[in-house]
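The values are calculated or read from the model by the stated rules, or taken from the named source; none is laboratory data. Predicted model only: the values in this text are computed from it and were never measured. Note that each Cβ is placed from the backbone with ideal geometry, even for glycine, and that neighbours are counted across all protein chains shown. Quick note on the areas: whole protein, heavy atoms, side chains included, nothing else; ligands and nucleic acids left out. Shrake-Rupley method; radii C 1.70, N 1.55, O 1.52, S 1.80 Å.
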Amino acid sequence: MADSEILLTRRLVDEAMAALDGTCAVDLYEGPPTAIPRSELLRRVKGKDGLLTLLTEKVDAELLDAAGPQLKVVANYAVGVDNIDIPECTRRGILVTNTPDVLTEATADLAWALILSCVRRVAEGDRFLRSREEWIWDPRMMLGQELYGRTIGIVGCGRIGQATARRALGFGMRVVYHNSRPLPADIEGELKAELRTFDQLVAESDVISVHCPLTPATRHLFNAEVFARMKPSAVLVNTARGPVVDEKALADAVRAGEIFGAGLDVFEREPIVEESLLDLGAVTIVPHLGSATVQTRAAMGLLAVENLLDGLAGTRPRALLNPEALSD
């Protein structure tokens, strides 16, 4: 394995870099703080045995062709793998891995940071004070919404969705969820969660927290028609994938008062943010910070490296997504 060559498309945290040290030959992209240019990615991937990629890199047939038939594993430093053509990798016998579990709690915390910011207008209040406008306390000033006794709707109730719902119980909220299949009865009982159709959830929820994967069916799942059916006092929070929400329609809905506000950690054309969102005080936006804790980014890096090295060694990686690609 020491003779293996890998391409790492961004420097990871120190713990992960130390875990890679001495294990294989590492070609590290250290360009500007943007995604590696596609042309450079296609050039540098040639002859590599493994790739350690971020969600910013598109791994498709063109890239796999450029790498060559010796490529064994693509280790994605993320839970979502909508940037990777997994069927194409499987067809070529290339293992694909991700970093699940380790970022669950951190992402749920961030979802709640956005929820609280939206319903109590925290970021908006911070920006107001920094503007140095003259003010005095007023009974009508910057009124928000309460959470106690209200309903939170979880769209996509996997690990992160469940962790977000669990926190809602501490706020005295009722939990409804929409998922590809019902949760096991014991988990439903623990969360006091009630299954709903998507339309029912949209109509009932005071807070909607999005945790579903990006698929053709979920692209622009939240659009103008859906916003029109939400409560005018409701807020939408997205910590999943940007294209699940039609950002322009969201901006229009907030501006028209169709919904109370929104919190976004991910964006349709990341790192570009829809221009019409930027001047809306009722929208809180942060730069994809869901997993951005010291502990979680270290855990993600170590798991990605572990997956990569196992794939290079011919052993089954812990977070393998396409076991059918394993050779007999």
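Name the residues in segment 41-69 that are more than 26 Å from the chain's Cα centre (by Cα) and open to solvent by less than 80 Å² (accessible area, probe 1.4 Å), would you? So that I can check it myself, show each step before the final result.
Quick first cut of segment 41-69, residues more than 26 Å from the chain's Cα centre (by Cα) only: 43-44, 46-49, 65-69.
Within segment 41-69, 44, 47, 48, 49, 66, 67, 68 meet the criteria.
Out of 109, 101, 126, I need the residue that is modelled with pLDDT under 95 and either farther than 21 Å from residue 244 by Cα or not in a loop (DSSP other than H, G, I, E, B) (or both). Which one?
Details: 109 fails: modelled with pLDDT under 95; 126 fails: modelled with pLDDT under 95.
Of 109, 101, 126, the one residue that is modelled with pLDDT under 95 and either farther than 21 Å from residue 244 by Cα or not in a loop (DSSP other than H, G, I, E, B) (or both) is 101.
In segment 188-218, which residues are over 20 Å from residue 259 (Cβ atoms), touching a residue at least 12 places away in the same chain (Cβ under 8 Å) and not in a helix (DSSP H, G or I)?
The answer is 192, 193, 194, 195, 213, 214, 215.
Just one of 241, 255, 269 is touching a residue at least 24 places away in the same chain (Cβ under 8 Å), closer than 17 Å to residue 56 by Cα and surrounded by fewer than 19 Cβ atoms within 10 Å (Cβ to Cβ); which is it?
269
Kindly evaluate residue 202 against the criterion of being among the hydrophobic types (A, V, I, L, M, F, W, C) and within 21 Å of residue 146 (Cα to Cα).
Details: among the hydrophobic types (A, V, I, L, M, F, W, C): yes; within 21 Å of residue 146 (Cα to Cα): yes.
Yes, satisfied.
Failed condition for residue 185, given (1) free of Cβ contacts under 8 Å to residues at least 12 places away in the same chain; (2) in contact with a strand residue (DSSP E or B) (Cβ under 9 Å, 6 or more places away or on another chain), with all others met?
(2)
Regarding residue 31, is this residue within 21 Å of residue 214 (Cβ to Cβ), modelled with pLDDT under 95 and open to solvent by 10 Å² or more (accessible area, probe 1.4 Å)?
On the way: within 21 Å of residue 214 (Cβ to Cβ): no; modelled with pLDDT under 95: yes; open to solvent by 10 Å² or more (accessible area, probe 1.4 Å): yes.
For residue 31, the condition - within 21 Å of residue 214 (Cβ to Cβ), modelled with pLDDT under 95 and open to solvent by 10 Å² or more (accessible area, probe 1.4 Å) - is not met.
State all residues of segment 1-24 that are closer than 17 Å to residue 70 by Cα and either modelled with pLDDT under 95 or exposed (fewer than 12 other Cβ atoms within 10 Å of the Cβ) (or both); if no residue qualifies, say none. Let's see the steps before the verdict.
Taking segment 1-24 and keeping what is closer than 17 Å to residue 70 by Cα, we get 1-8, 24.
Matches in segment 1-24: 1, 2, 3.
Which ones in segment 272-328 are farther than 30 Å from residue 253 by Cα, of a type outside the set (Ser, Thr, Tyr) and surrounded by fewer than 16 Cβ atoms within 10 Å (Cβ to Cβ)?
Here is the first cut: in segment 272-328, the residues farther than 30 Å from residue 253 by Cα are 293-328.
Now restrict to residues that are of a type outside the set (Ser, Thr, Tyr): 294-295, 297-314, 316-326, 328.
Listed by number, the residues that qualify are 294, 295, 313, 314, 316, 318, 323, 324, 326, 328.
In segment 143-173, which residue that is open to solvent by 60 Å² or more (accessible area, probe 1.4 Å) and either touching a Lys or Arg at 6+ places or on another chain (Cβ under 7 Å) or in a loop (DSSP other than H, G, I, E, B) (or both) is farthest from residue 189 (Cα to Cα)?
Looking at the filtered set, the residue picked out is 143.
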